[in-house]
Amino acid sequence: MTATTRPYGVLGRVLGHSYTPTIYRELAGLDYRKFEREPEELESFVRSGEWEGFNVTIPYKRDLVAYMDELSPVAERMGNINTVVRLPDGRLRGDNTDYYGFKVLVESLGLELAGKKAVVFGGSGGAGSTAMMVLTDLGMRAVSIDRSGKHTYKNLDEHADAALAVNCTPVGMFPACPKAPCSLTALPRLEGLVDIVYNPARTALMMEADRLGIPNVGGLLMLVAQAAQAVERYTGRTVGRERIAEVTSSLARSERNIALIGMPGSGKTRVGQQIAARLDRPHVDIDWELEQRLSCSCSDYIVDAGEEAFRRAESDCLAQIAARSGQVISCGGGVVTQPENYDLLRQNSIIVMLDRPIAELSKAGRPLSQRDGVEALAERRMPLYRSWADIIVTSRESADATAREAVRTLDAAEIA
């Protein structure tokens, strides 16, 4: 391969689903691939001519330093690299663009933080050490919070004066979500939260910050920003902050689920199928998933085992389905009756309520509608649907027409 045909990529041991190929295509149209290599293959890969430039991920960020001919000043300070560039004379230069990515993440909050305290959950780890360095360079007093040592989660209240909290642990990352390393209640003076986890879109810490009215940001912006600086290292082309924001927003929208809620009989399944077909996404119907797991219909299970048992099974199913990304999810009509289901949906979904006139709702095959009456059910649930929804779509004359309106509304909506 020649320099004009060699691909870029990311080097790691096991590389599962990754946003990075999409990011590099969006930012610079690069041919970007995954390079999975075992430790004994590192040197031959680094010395080979099969790549034009590559990123490095866990567990090789420190190992690759030994193969570099020179390091950038930032990489020298950090003692690890995440970007390798082949110089014109053939020598290899190691750089670290995580520093820039994290700096962009913090600055995106728009807060005046110099001179204030920051607590960094997992600050002694690899990602945490980057955060500690950036925060110190920004003039903050950064304190690492770890499972053991002087500053731990058990004495977090000693840092009640912290203005910024940063999560650099993997706690709450897909698929074990939503979870958090701690609660923010011990930090009453927080002005902002940064969570470097980018999958799910909204971590448990971010959702708690929302409830407390604290500005917060997730790790996807950092991922795109560090890639933007890597593109500059590879190609010499500068990617501005505006373009970084555009790519982040586009990727966030494409990865977040579209979750449909609404009264039983409002058309969530058929409309969900139509939306999925239009957007080329997989469609998941929670009731159908449940029926496979329960080996009977949802209505039969409610009659035989009771509504409480059914709701537990529904929440367990939702926890697994909603943790994934890029789907259209049709929820059961009673999903809003369990408060914990809100965070299960909110972490990765834009929640869309289908609003269908009560007179048009069918009771057939719906034991709760038959037992309680549609009007009584609507009186209890409609306020919940409206409070959970990011957008509300009024049903049209057909499922296809409703799906068209939902897609149009989603495209026009500005949803954080």
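The values are calculated or read from the model by the stated rules, or taken from the named source; none is laboratory data. All of these numbers come straight from a predicted model, not from anything done at the bench. Ideal geometry is used to build each Cβ from the backbone, glycine not excepted, and the neighbour counts take in all protein chains shown.
Within the set Leu105, Leu135, Leu109, the sole residue that is more than 26 Å from Thr235 (Cβ to Cβ) and crowded, with 18+ Cβ neighbours inside 10 Å turns out to be Leu135. The residue that is nearest to the chain's Cα centre (by Cα), among those in the stretch 301-344 that are charged (D, E, K, R), farther than 20 Å from Pro282 by Cα and surrounded by 14 or more Cβ atoms within 10 Å (Cβ to Cβ), is Asp343. The residues on offer are Thr152, Thr136, Thr83, and the sole one that is within 30 Å of Leu42 (Cα to Cα) and of a type in the set (Val, Ile, Thr) is Thr83. Looking at Val303, Val328, Val284, just one residue is touching a Pro at 6+ places or on another chain (Cβ under 8 Å), of a type in the set (A, V, I, L, M, F, W, C) and modelled with pLDDT of 95 or more, and that residue is Val328. Is it the case that Val106 is at pLDDT 95 or above, in contact with a strand residue (DSSP E or B) (Cβ under 9 Å, 6 or more places away or on another chain) and over 30 Å from Gly139 (Cα atoms)? Against the criterion (at pLDDT 95 or above, in contact with a strand residue (DSSP E or B) (Cβ under 9 Å, 6 or more places away or on another chain) and over 30 Å from Gly139 (Cα atoms)), Val106 does not qualify. Among the candidates Ala118, Ala127, Ala75, Ala114, the residue that is more than 27 Å from Gly192 (Cβ to Cβ) and either of a type outside the set (D, E, K, R) or modelled with pLDDT under 95 (or both) is uniquely Ala75. Checking each residue of the stretch 277-287 against the condition of being of a type in the set (Gly, Ala, Ser), within 30 Å of Leu223 (Cβ to Cβ) and surrounded by fewer than 19 Cβ atoms within 10 Å (Cβ to Cβ) gives at least one match. When Gly110, Gly53 are checked against the criterion of being closer than 23 Å to Gly218 by Cβ and small (Gly, Ala, Ser), a single residue qualifies: Gly110.
The selection criterion, being loosely packed, with under 13 Cβ neighbours inside 10 Å, modelled with pLDDT under 85 and not in a helix (DSSP H, G or I), holds for Ala364. If I ask for residues that are hydrophobic (A, V, I, L, M, F, W, C) and under 20 Å from the mean Cα position of the chain (by Cα), which ones from the stretch 216-242 would you list? Correct list: Val217, Leu220, Leu221, Met222, Leu223, Val224, Ala225, Ala227, Ala228. Among the candidates Ser124, Ser148, the residue that is surrounded by fewer than 13 Cβ atoms within 10 Å (Cβ to Cβ), part of a loop (DSSP other than H, G, I, E, B) and of a type outside the set (Val, Ile, Thr) is uniquely Ser148.
Checked against the criterion of being buried (at least 22 other Cβ atoms within 10 Å of the Cβ), of a type in the set (Asp, Glu) and more than 27 Å from Leu156 (Cβ to Cβ), the stretch 85-100 has at least one qualifying residue. Residues that are in the same structural domain as Tyr32 (by TED's automatic domain parsing), among the hydrophobic types (A, V, I, L, M, F, W, C) and either assigned to a loop (DSSP other than H, G, I, E, B) or within 25 Å of Tyr24 (Cα to Cα) (or both) are absent from the stretch 263-270. Selection of helices (runs of 4 or more DSSP H) fully inside the stretch 271-358 by the criterion of at least 1 residues being touching a residue at least 24 places away in the same chain (Cβ under 8 Å) and among the hydroxyl-bearing types (Ser, Thr, Tyr) returns 298-305, 307-322, 340-346. The criterion of being within 18 Å of Thr22 (Cα to Cα), surrounded by 22 or more Cβ atoms within 10 Å (Cβ to Cβ) and either modelled with pLDDT of 95 or more or β-branched (Val, Ile, Thr) (or both) holds for Ala225. Here Ser249, Ser266, Ser254 are screened, and the one residue that is within 26 Å of Val393 (Cβ to Cβ), in contact with a Lys or Arg (Cβ under 8 Å, 6 or more places away or on another chain), of a type in the set (S, T, N, Q) and modelled with pLDDT under 95 is Ser266. Being over 25 Å from Glu208 (Cβ atoms), of a type in the set (Gly, Ala, Ser) and either touching a His at 6+ places or on another chain (Cβ under 6 Å) or not assigned by TED's automatic domain parsing to the domain that holds Gly192 (or both) is the requirement here; does Gly139 meet it? It is false that Gly139 is over 25 Å from Glu208 (Cβ atoms), of a type in the set (Gly, Ala, Ser) and either touching a His at 6+ places or on another chain (Cβ under 6 Å) or not assigned by TED's automatic domain parsing to the domain that holds Gly192 (or both).
Checking the stretch 70-77 against the condition returns a match, with at least one residue being closer than 24 Å to Thr20 by Cβ, in contact with an Asp or Glu (Cβ under 6 Å, 6 or more places away or on another chain) and outside the structural domain of Tyr198 (by TED's automatic domain parsing).
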